[in-house]
1. For region 1-110, give the percent of accessible area contributed by carbon and sulfur heavy atoms, probe 1.4 Å, rounded to a whole number.
2. Can you list, bin by bin at 10 Å, the percent of alpha carbon pairs in region 12-71, starting at 0?
3. Between region 1-46 and region 116-186, what is the separation of their alpha carbon centroids in Å?
4. Among Asn99, Phe25, His126, whose Cα lies farthest out toward the positive end of the dipole of the chain, if unit charges sit on the beta carbon of Lys, Arg (+1) and Asp, Glu (-1)?
5. For the peptides 93-102, 130-139, what is the packing order when you average, over each peptide's residues, the other Cβ atoms within 10 Å and list the highest mean first?
6. Counting only heavy atoms of the protein chains, get the accessible area per residue of the chain (1.4 Å probe) and round it to a whole Å² value.
7. Under a cut-off of 21 Å between alpha-carbon atoms, report the lysines in cross-link reach of Lys114, not counting same-chain residues fewer than 8 places apart.
8. Only bridges whose two residues both fall in the chain count here: according to DSSP, what percent of them are antiparallel, nearest 5?
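The values are calculated or read from the model by the stated rules, or taken from the named source; none is laboratory data. In this text the structure is predicted, and so the values were computed from the model without any measurement. Backbone-built Cβ (ideal geometry, glycine too); neighbour counts: all protein chains shown. These accessible areas exclude ligands, DNA and RNA; they are computed on the full protein's heavy atoms, side chains included. Shrake-Rupley method; radii C 1.70, N 1.55, O 1.52, S 1.80 Å.
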Amino acid sequence: MIDVKGRWALITGAARGIGRGAAVFMAQKGCNLVLQGRTKEHCDSVLEEVKALGVEAYAVGAEFSDLGQVEAMLKEIDDKGTPVDIILNNAGIQVAYRNEYLKTPASDYEESFKINTIAPMMIVYHFLPDMEKRGFGRIVNTTSGIRLEPEQAGYSASKAALDKVTMDLAAKYEGTDICINITDPGWCRTDLGGQHAPNAPESSLPGVVVGAFINDKKSGRNFSAGNFYGMSLEEAVERAEDDFPIYTGSVAYVK
């Protein structure tokens, strides 16, 4: 298991929910943080919390439906000289639940793909060259296990697309110390998941961050959080390195 103390992680969607939990978890391990929210101010509370844990941290703002703001955010991080070694792409949107799914508007796809697919991959592509130069990187993109629900077509299609491009890219880095994987946090009671979801946001840990701690030079796996419920980080890393095959599109849990 790698030691993240003193490294820098960019966590998107860090203002609340699963992203906030991941930010606090990483700070507890000594990781310095760049926290993204739709505005910097959205991250004020979590920024104060992680700084109190003794790490360096700052917030950046970007509305991911505006790709120009994503580019500006990346430039801001570059201008600060931050060596981003870890990316936890948690930010996402579920634009609508369409009971009349045959009337799904094109805008559902447009917004979903910009926020859930294009923006996270812009971030990944931006930081990968410097990760290659330093010989180290950990990238975890957040997916969804939603299937067979045309009511959520824009969301599920954009997450399926993120899976595909992430796995294709991961194949290029297999065997290197740049590990690219995905995670499925499960259905949690967040602003996206809604109040009727069966799982607390805390249940997503350590599964949503385990890909940042692996040390096996393997990429292309889905670290679904349900496989790590109740485990310590050390137990989760051991299981992640031992049990998970290359992801091929199945959302079945490892037994």
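1. Values: 2410 of 5240 Å².
Taking all protein chains in place, region 1-110 shows 46 percent carbon and sulfur surface.
2. For region 12-71, the binned pair fractions read 27, 54, 17, 1 percent.
3. 18 Å
4. Value: Asn99.
5. Values: 93-102: 13.8, 130-139: 17.1.
Sorting 93-102, 130-139 by mean packing, highest first, produces 130-139, 93-102.
6. On the way: 11520 Å² over 255 residues.
Roughly 45 Å² per residue, with all protein chains present.
7. Lys40, Lys75, Lys103, Lys159, Lys164
8. Numbers: 0 of 26 bridges.
Around 0 percent antiparallel, to the nearest 5.
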